[in-house]
1. Going by the conditions given, is V204 at pLDDT 85 or above and either open to solvent by less than 10 Å² (accessible area, probe 1.4 Å) or basic (K, R) (or both)?
2. I want to confirm something. Restricting to the range 1-50 and keeping residues that are free of Cβ contacts under 8 Å to residues at least 60 places away in the same chain and not in a helix (DSSP H, G or I), which single residue is least open to solvent (accessible area, probe 1.4 Å)?
3. Please determine, by comparing only the residues of the range 212-223 that are among the hydrophobic types (A, V, I, L, M, F, W, C) and buried (at least 24 other Cβ atoms within 10 Å of the Cβ), which one is modelled with the lowest pLDDT.
4. Going through V26, V79, V47 one at a time, which residue ends up being closer than 16 Å to L131 by Cα, at pLDDT 90 or above and among the β-branched types (V, I, T)?
Amino acid sequence: MARRLQPVLAGVVTALVGFASSFTVVLAGLRAVGADEAQAASGLLAVSVASGLCALWLGLRHRMPIAIAWSTPGAALLVATGPVPGGWPAAVGAFLLCGVLIVAAGLFPVLGRAVAAIPGPVAAAMLAGVLLPLCTAPVRALVEVPRLAVPVIVTWLVLHRFARRWAVPAALVVAAVTIALTSPAGGVGGFRPVVELTAPAFTVPALVGLALPLFLVTMAAQNVPGTAVLRGYGYQPPLNAALRVTGLASALGATFGGHAVNLAAISAALAAGPDAHPDPERRWIASVTAGLGLALLGLGAGVATALVLLSPPVLIKAVAGLALLGALATAVAAAVAEPESREPAVVTFVVTASGVSLLGVAGAFWGLLAGWLMLVLFRRRAASPPAGPTAPATVPAPSRAAENGSGPAGSADTGSGQVGSDGSGSDGGVRAEAGEVTRR
């Protein structure tokens, strides 16, 4: 009996952790690009239900633990982008185009390969630049609202040490309690699910500065690592089918305010690992249960939005920043891992994190473009032959230590080791457990 309930319980935990750990990022992102209270609640409901339905369909269709979640890095991108020309309808149009691009990546694999061809350090640097403003929010909260922020951060620190997966949900609970104790009585309302339709508008700055970066971040920071997680646990996920399903769900959910849904990675690890069930053939039950749970939790989006509105904005951003610290650390490590692309990655990071907007286009696009141009420049300079004859270099006689292969002369930088990305946010690759069964 316990073995039968194990994947169900794992799915419940996956849904709770996935929703509670990053719904504040979604609400902050939607409000940043122009959504009002009702539109933000509708957007959170849309991505929750869309994610749940996609997980239900893919899990039952392919009998794999294909966990689906909203794009947490994409929501962080919305925070970094801020208001777009054309307002909220233009943002909805960008969400719709992002969904169409994801569908196209599933229909035409060459598009997916083009996204995968973006240099890893540059993509990681762009993600790090997007996450940085949110991850500094806990520091600002400590200065601006210390009485509210200290209990939240202390709770996160303690549980991050002893029960990591519950650190952010527990910090959110503490934040909710402090908000309830310091807010006027009767301030929380909106227990009814909120659905708000918005007709999309299309502007060039919104499409270039929001839709394209949202597509790239969702693909590079969610779908690609999510596939790697499943492969790490021995599965061969149907990536093209998953892109078509999640892209269609994103496009349909856009008019309700949803920004994007995609393959999950950390949630995938919770549902696809041995903790979900010893038998890999039974773990799909966990992802299906998680999908149902996430859809049900989305019905409380109105309450979640009302709670967020009662709190100081910096406090909710602080909780979101705590949820994304791991993703930021992994993105920074991946960005500077390769010495030859370190400077282009730093340029990408600086331009993206600056928050500048040029021609109505936000910094994420310009950061990606600047990093790519730097890479092209460096590669051409490295490939160029010397301008004229050069004198032969004088090679000193090797020391005894170098001849024996020891000492500094024999210890060149190997640059070995790869760093995966974190996602909820964001999420990275997971090594296969010993004894896992590989599906062919």
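1. Numbers: at pLDDT 85 or above: yes; either open to solvent by less than 10 Å² (accessible area, probe 1.4 Å) or basic (K, R) (or both): no.
No; evaluated as a whole, the condition is false for this residue.
2. G34
3. By that ranking, first place goes to A221.
4. V26
The values are calculated or read from the model by the stated rules, or taken from the named source; none is laboratory data. As the structure is a prediction and not an experimental result, all values here were calculated from the model. With ideal geometry, Cβ positions are generated from the backbone for all residues, glycine too; neighbour counts draw on all protein chains shown. Accessible surface is based on the protein model in full, side chains and every heavy atom, while ligands, DNA and RNA are left aside. Shrake-Rupley method; radii C 1.70, N 1.55, O 1.52, S 1.80 Å.
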